[in-house]
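Peer 1: Sharing a structure below in structure tokens format, with a few things to ask.
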Amino acid sequence: RFLTGPQPLLDEAVKQGSCKIDPNNRRLIDFKLPDLGGKMVSLHDIDADLILLDFWGSWCQPCRKSIPHLLELQTKLAGKRVQVVGIACEKAAAARDRQASAAKAVQELAITYPVLLSSRDGSCPLQEALQIQFYPTLVLLSRDGRLLAREQGATDVTLPRMDRAIASALRRQGARADD
């Protein structure tokens with residue numbers, strides 16, 4: 001569930017993007033990026049046991065190809081277990097143009113999970129911290145931000161490998177809950 005609050009102008013929201021990471025412990029402490037409406041979203045706003053960040057772009061055909069798989073995954077593992085969060089890494093220079101291209105793709109692809117706005121120009125602190133260089137890149141996080149898995153590309157190898165990482169993490173959490 002995402003918290004509600006005042007929505008700054010989109011350009012201002014983009015400037016407020018931030019990321020804190022502990023590379024020694026492979027843990028994302030927090031990040032803040034705007035959603036498509038300009039509302040800032042933090043890692044701590046996402047109420048799920050596992051968070052799958054999908055760094056994608058509306059211009060990227062392999063990214064678009066992976067969306068149905070992610071939608072199915074979100075439907076199957078929804079609730080507090082797994083939350084897919086798209087990070088739209090758009091090419092346009094202006095935040096409004098990036099927002100427009102991402103919003104159009106969200107509508108075309110019928111994306112139902114949250115999508116946050118980023119760019120491809122190297123200015124996104126979250127992409128920099130996680131060293132995102134290829135699209136799509138999927139990053140699986142625990143609720144407390146531990147980096148559990150990472151896959152680059154959307155292929156018949158990488159998507160099932162991420163599915164297995166998610167299943168394994170859910171099994172480990174179930175085992176800890178039984179202790």
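The values are calculated or read from the model by the stated rules, or taken from the named source; none is laboratory data. Please read all numbers here as calculations on a predicted model, not as lab measurements. We place every Cβ from the backbone using ideal geometry, glycine too, and count neighbours over all the protein chains shown. Surface areas here come from the heavy atoms of the whole protein model, side chains and all, with no ligands, DNA or RNA. Shrake-Rupley method; radii C 1.70, N 1.55, O 1.52, S 1.80 Å.
Peer 1: So in the chain, which Cys have no other cysteine's beta-carbon sitting under 4.7 angstrom from theirs?
Peer 2: Among the cysteines of the chain, those whose Cβ sits 4.7 Å or more from every other are Cys19, Cys89, Cys124.
Peer 1: Let me ask something else. Compute the length gained on full extension between Ala129 and Glu108: take 0.36 nm times their separation in residues and subtract their Cα-Cα distance, giving the result in nm to one decimal. It would help to have the intermediate numbers written out before the result.
Peer 2: Values: separation 21, 0.36 × 21 = 7.56 nm, distance 2.99 nm.
Residue separation times 0.36 nm, minus the Cα-Cα distance, leaves 4.6 nm.
Peer 1: Oh, and also: At a 1.4 Å probe, what is the % contribution of carbon and sulfur to the accessible area of the stretch 13-159?
Peer 2: Within the stretch 13-159, the accessible surface is 49 percent carbon and sulfur.
Peer 1: Taking only protein heavy atoms into account and a 1.4 Å probe, give the accessible area per residue of the stretch 135-177 in Å². Could you put the intermediate results ahead of the total?
Peer 2: Working: 2070 Å² over 43 residues.
Dividing the accessible area of the stretch 135-177 by its residue count gives 48 Å².
Peer 1: Which number comes out as Rg/Rh for the chain once both Rg and the Kirkwood Rh are worked out on C-alpha atoms?
Peer 2: Result for the chain is an Rg/Rh of 0.94.
Peer 1: Sticking with this one: Quick one: grab the alpha carbon gyration tensor of the stretch 125-179, order the square roots of its eigenvalues as a ≥ b ≥ c, and give me rounded if a/c is under 1.5, else prolate or oblate depending on whether a/b is larger than b/c. Mind dumping the intermediate values first?
Peer 2: On the way: a/c = 5.05, a/b = 1.49, b/c = 3.39.
Because a/c hits 1.5 or more and a/b fails to exceed b/c, the stretch 125-179 counts as oblate.
Peer 1: Describe numerically, in nm with one decimal, the distance between label points set 7 Å from Cα along Cα→Cβ at Trp59 and at Arg146.
Peer 2: 3.8
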